[in-house]
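Report on the structure given below.
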Amino acid sequence: MDVLQFLDGSTLHGSLAAIDPQQGIRWQHPASTAPLEFLSRNAHQIRFAQAAPPPTPASAHPSCRFRFVNGDELTGHLLGLDAEHLELETWFAGKLRAPRAGVQSLAFLAAGSATLYNGPDGLEGWNAGPTPISWQFRDGVLSGGANAFLGRDFKLPPQVRVEFDVAAANSLNLYFSLFTDSVARFNFTSSGYQFNFGLGYVNAMRGQGNFGMQHLGQAQFAGFAPGRKMHVEIRADLPAGNLTLLLDDKLVQQWNDPNALKNQPALDPNLPPKVAEAVKAGRPPVPPGTGISFFSLNSGVQVSGIKISTWDGRPIEDALSVTNLTGHLVRFANQDHATGQVEGIRDGKLALNLPAGRLQIPLTRVTHVVFAPVQPPATNRPAGELHASLSSGETIALLQARWDGRQLAGTSPHFGALQFDSRWVRQLRFNPGREPAGPGLPFFGADAQQLFDR
């Protein structure tokens, strides 16, 4: 079932029948003979039990990530940019055109960039270990009991970006394993990396099979509170031997493992020595394992918002505040950067005006463009604004939003009138400038009030 949360912290299960700017939210509940009507100004969010994945190949391998000054974030293909407008192509709404003044940054993605997983939508595909009832799924959240294990082999590539939200009713003691070769049960001696999250600290370790664990280091962090979600992001670049941890979008620690990819696939022992050496020289190193797992030592731990995507080691988010820029910042693949005026992007080239002259730079050499703000960002959200999160992880704001069960339509501050298939929507956020009185959706065992039992 879908779930609707209000700003007072109460929640209601059922299904969304309609959204109308004047009439508000119409919600169908099994205990009601007719849809219930609620004012949108009292709602916090709707989380859908299922969201259809983006159609392929329409969404496969986007070449650019677009971030806008209001927080919208889309992926797609850059068609062109000049001093006035940005043109892009998206998988969900086709070709779009936006004023250049609303664009905050562009991140150019490597060929083959893709989202590998965005969920969870249930326990199907996951291994719950020897105690299958230790994890439960409800309203988009995985809830673990004491000594609860959950693992899955995603066939991870050596460069990957993993994100998830974690919350704990009381104390936090969670092991997250990355590149693990043990996805059926928790094993301290498995190969891969283990991150042990506690209240205010995280330990990073490298599993070396029968050779035990290597401690890579500990990082301290502040701000975690029982009952509140924390966003975890790990960027792994095994060819470079780097593991980067971000919590709530802030860099916490980077670890280096020079032996990250020293493992080689097993060779046939019957091969002649010279043939074996030739085969070995032509075989690329592989990760220790290709799965992930969660192991909760304490009950009351919840995991949600799991997203796994390919990564090429390039910056994804803006590493510095755009408010202090006087020009446009352009980052290059060789780690150099320049500040000037981006005149335009067309036909695979970026025109950059520098004090020393004008350059035409192939986009293959550019990784990131951060634009200086045209004006200070607005601090107040427009009344009636709704944020839609798609199954691909993208977010877009709409005004005068309408939902009829087939389409979500509204007015984008950047693109004007916009509509797309409602099956692709994973979550709707109302009143984005306000936070609910209770914890995020949901937190079983906490003080969140259910209007009706399921």
Exactly one of G217, G227 is out of contact with any Asp or Glu (no Cβ under 9 Å at 6 or more places or on another chain) and either surrounded by 14 or more Cβ atoms within 10 Å (Cβ to Cβ) or outside any loop (DSSP other than H, G, I, E, B) (or both), and that one is G217
* Would you say R152 is basic (K, R), assigned to a strand (DSSP E or B), touching a residue at least 60 places away in the same chain (Cβ under 8 Å) and closer than 19 Å to H231 by Cβ? -> no
| query | Can you find even one residue in the range 345-356 that is more than 30 Å from A43 (Cα to Cα), of a type in the set (A, V, I, L, M, F, W, C), free of Cβ contacts under 8 Å to residues at least 24 places away in the same chain and exposed (fewer than 15 other Cβ atoms within 10 Å of the Cβ)? | reply | yes
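Return the only residue of P30, P53, P62, P120 being over 27 Å from the mean Cα position of the chain (by Cα) and on the phi < 0 side of the Ramachandran plot.
The unique qualifying residue is P30.
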### Query
Going by the conditions given, is R235 touching a Lys or Arg at 6+ places or on another chain (Cβ under 8 Å) and closer than 19 Å to I292 by Cβ?
yes
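In the range 295-310, what residues are among the hydroxyl-bearing types (S, T, Y) and either in contact with an Asp or Glu (Cβ under 7 Å, 6 or more places away or on another chain) or not in a strand (DSSP E or B) (or both)?
First, pick out the residues of the range 295-310 that are among the hydroxyl-bearing types (S, T, Y): 296, 299, 304, 309-310.
Correct list: S299, S304.
Residue-by-condition table, conditions (1) more than 19 Å from Q427 (Cα to Cα); (2) surrounded by fewer than 20 Cβ atoms within 10 Å (Cβ to Cβ):
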| position | (1), (2) |
| --- | --- |
| S15 | no, yes |
| P21 | no, yes |
| P30 | yes, yes |
| R41 | no, yes |
| Q45 | no, no |
| T75 | no, no |
| L88 | yes, no |
Residues of the range 2-24 being at positive phi and in a loop (DSSP other than H, G, I, E, B), in sequence order, are G9
Flagged pairs (Cβ under 8 angstrom, 6 or more apart or on separate chains; first in the range 390-405, assigned to a loop (DSSP other than H, G, I, E, B); second among the aliphatic types (A, V, I, L, M)) are S391/A51; S391/A52; S391/V425; E394/L74; D404/A18; G405/L16; G405/A17; G405/A18
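Could you name every one of the strands (runs of 3 or more DSSP E) located completely within the range 25-88 that has at least 2 residues being more than 30 Å from L350 (Cα to Cα)?
On the way: elements: 36-38, 43-47, 64-68, 73-81.
Answer list for the range 25-88: 36-38, 43-47.
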Selection from the range 378-403 of residues surrounded by fewer than 20 Cβ atoms within 10 Å (Cβ to Cβ) and either in contact with a helix residue (DSSP H, G or I) (Cβ under 8 Å, 6 or more places away or on another chain) or of a type in the set (G, A, S) (or both) yields A378, A383, G384, G393
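Is it the case that the range 130-138 has a residue that's of a type in the set (D, E, K, R), outside any helix (DSSP H, G or I) and touching a strand residue (DSSP E or B) at 6+ places or on another chain (Cβ under 7 Å)? Let's see the steps before the verdict.
Step one: filter the range 130-138 for residues of a type in the set (D, E, K, R), giving 138.
If we keep only those that are outside any helix (DSSP H, G or I) as well, we get 138.
Retained after the next criterion (residues that are touching a strand residue (DSSP E or B) at 6+ places or on another chain (Cβ under 7 Å)): none.
No, the range 130-138 contains no residue that is of a type in the set (D, E, K, R), outside any helix (DSSP H, G or I) and touching a strand residue (DSSP E or B) at 6+ places or on another chain (Cβ under 7 Å).
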(request) Could you tell me whether the range 211-234 includes any residue that is modelled with pLDDT under 90, in contact with a strand residue (DSSP E or B) (Cβ under 6 Å, 6 or more places away or on another chain), within 23 Å of D312 (Cα to Cα) and charged (D, E, K, R)? (result) no
Residue hits (the range 364-396; at pLDDT 90 or above and over 25 Å from the mean Cα position of the chain (by Cα)) are R365
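The values are calculated or read from the model by the stated rules, or taken from the named source; none is laboratory data. Worth saying up front: this structure is predicted, and the values here are computed from it rather than measured. All Cβ positions, even for glycine, are placed from backbone atoms using ideal geometry, and neighbour counts span all protein chains on display.
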